[in-house]
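The values are calculated or read from the model by the stated rules, or taken from the named source; none is laboratory data. On a predicted model such as this, the values are computed, not experimentally measured, just so you know. Backbone-built Cβ (ideal geometry, glycine too); neighbour counts: all protein chains shown.
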DNA sequence: TACAATTTTCACATCTTCCTGAAAGGAATA
DNA sequence: TATTCCTTTCAGGAAGATGTGAAAATTGTA
């Protein structure tokens, strides 16, 4: 009976890890990184590199590199146990925290640079940098399209900013969902 | 002078296409697909396969396949010109529409399946399917973690649903941003 | 300082994903 | 129907991403 339970847990964990693996693209992290994090999250315990290697059948180097990245992202914490030289790793427990962490990370790494390039593109089509020809239709059209995009992205960016700063965003969201309808 | 303008436009377009290329990960589409769409969007004109091949230095087969995908996603439209056997392709012009299109697509393809698997995982840890052992701490902990996750994802899912259905979401968002603060 | 335990790094191997080009398929014209 | 123009398909190849394992580095212990 004990054995049956352990097996059952393992199966669920495996499914969960596999699920995390599939979410990797959505989170913008590599599949293995995601799997490791998934394992740490679902187990809810601090695991050593060897534990992870064994459980996921991944080489030591690979685990090491991905764990560092996870720590960098702030999704995983290093844990020291007294009397043990090994390091252990555990996942954040708070899902909202994990979510905002990843979202902010992606914003900083991917969205902000995009906004900057877009602005640069736009500025190269203004009268200041292009002279009288800025009035030409070919220029106008492109300028407009870039501008449209900038407006939307800036809006979304602001929204996100607001949504992610502190747990307040969540509360607001809940209200927005439950109110009217 | 004409030449200088054309060159300048080309440079901006190239930067834009490159930017789109980088956004591919964020959108969950392949880089080349993104580049083609970027070109069509920034040009604001209907281009033929040959135009695209020449402009982006991509093989015919590649362009063909990625264009079909773009049409499938609904980001690009086929356009026929009378008296011309070639087919032309043009991008949607409305950025909000493009955005919701991609978001809905991703939700359907990636998020919904995730929610389903998560629910399955959760249900395998209930007393109904596991018996008395469901009370064990090891089971409880995992059950709880999965449940937390489900709650958050379901919430976000609902929010997104609401946000993306019709342009209303945008208006609400703008209000939320401009009000209080 | 020497030693042992653990982690990190990195050249190389593997795997996956994407791209190419040519052949097959389709559609409009004569 | 034959011809021409254009698009799609797909087997094979290239490029890029990821994983491995062993040597080097680091950290703790005596």
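Let's see how each residue does on (1) under 13 Å from the mean Cα position of the chain (by Cα); (2) part of a helix (DSSP H, G or I); (3) at pLDDT 95 or above:
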| position | (1), (2), (3) |
| --- | --- |
| B:4 | no, yes, no |
| B:8 | no, yes, no |
| B:16 | no, yes, yes |
| B:34 | yes, yes, yes |
| B:37 | yes, yes, yes |
| B:40 | no, yes, yes |
| B:50 | no, yes, yes |
| B:55 | no, yes, yes |
| B:58 | no, no, yes |
With respect to residue A:25, determine if the residue is within 14 Å of another protein chain (Cβ to nearest Cβ) and at pLDDT below 95.
-> yes
Hey, does segment A:109-116 have a residue that's closer than 30 Å to residue A:164 by Cα, within 16 Å of DNA strand D (Cβ to nearest atom), under 14 Å from the mean Cα position of the chain (by Cα) and exposed (fewer than 14 other Cβ atoms within 10 Å of the Cβ)?
-> yes
Report, by residue number, each residue of segment B:72-87 that is near DNA strand D (Cβ under 10 Å from one of its atoms) and touching a helix residue (DSSP H, G or I) at 6+ places or on another chain (Cβ under 8 Å).
-> B:78, B:86, B:87
Does residue A:119 count as at pLDDT 95 or above, within 13 Å of chain B (Cβ to nearest Cβ) and more than 16 Å from DNA strand C (Cβ to nearest atom)?
-> yes
May I ask you to list the residues in segment B:56-71 that are in contact with a helix residue (DSSP H, G or I) (Cβ under 6 Å, 6 or more places away or on another chain) and more than 11 Å from DNA strand C (Cβ to nearest atom)?
-> B:70
Limited to segment A:75-106, what total is found for residues that are in a loop (DSSP other than H, G, I, E, B) and either facing chain B (nearest Cβ under 10 Å) or within 19 Å of residue A:60 (Cβ to Cβ) (or both)?
-> 5
Quick check, is residue B:7 within 12 Å of chain A (Cβ to nearest Cβ), under 27 Å from residue A:129 (Cα atoms) and either touching a residue at least 40 places away in the same chain (Cβ under 8 Å) or touching a helix residue (DSSP H, G or I) at 6+ places or on another chain (Cβ under 7 Å) (or both)?
-> no
Which listed residue is in a helix (DSSP H, G or I), surrounded by fewer than 16 Cβ atoms within 10 Å (Cβ to Cβ) and modelled with pLDDT of 95 or more, from A:138, A:129, A:64 | A:64
Of everything in segment B:156-179 that's within 17 Å of residue B:110 (Cβ to Cβ) and within 7 Å of chain A (Cβ to nearest Cβ), which residue is modelled with the lowest pLDDT?
-> B:159
If you take the residues of segment B:18-32 that are in contact with a helix residue (DSSP H, G or I) (Cβ under 7 Å, 6 or more places away or on another chain) and part of a loop (DSSP other than H, G, I, E, B), which of them is farthest from residue B:103 (Cα to Cα)?
-> B:30
Look at segment B:30-43 and say how many of its residues are surrounded by 22 or more Cβ atoms within 10 Å (Cβ to Cβ), within 14 Å of chain A (Cβ to nearest Cβ) and near DNA strand C (Cβ under 10 Å from one of its atoms).
-> 1
Limited to segment B:44-61, what total is found for residues that are on the phi < 0 side of the Ramachandran plot and either surrounded by 14 or more Cβ atoms within 10 Å (Cβ to Cβ) or more than 9 Å from DNA strand D (Cβ to nearest atom) (or both)?
-> 12
Could you check residue A:12 against (1) under 30 Å from residue A:171 (Cβ atoms); (2) out of contact with any strand residue (DSSP E or B) (no Cβ under 9 Å at 6 or more places or on another chain); (3) more than 16 Å from DNA strand C (Cβ to nearest atom); (4) within 11 Å of chain B (Cβ to nearest Cβ) and say which number it fails?
-> (1)
Run residue B:46 past the list (1) away from chain A (no Cβ under 14 Å); (2) over 23 Å from residue B:103 (Cβ atoms) and report the number of the one that doesn't hold.
-> (1)
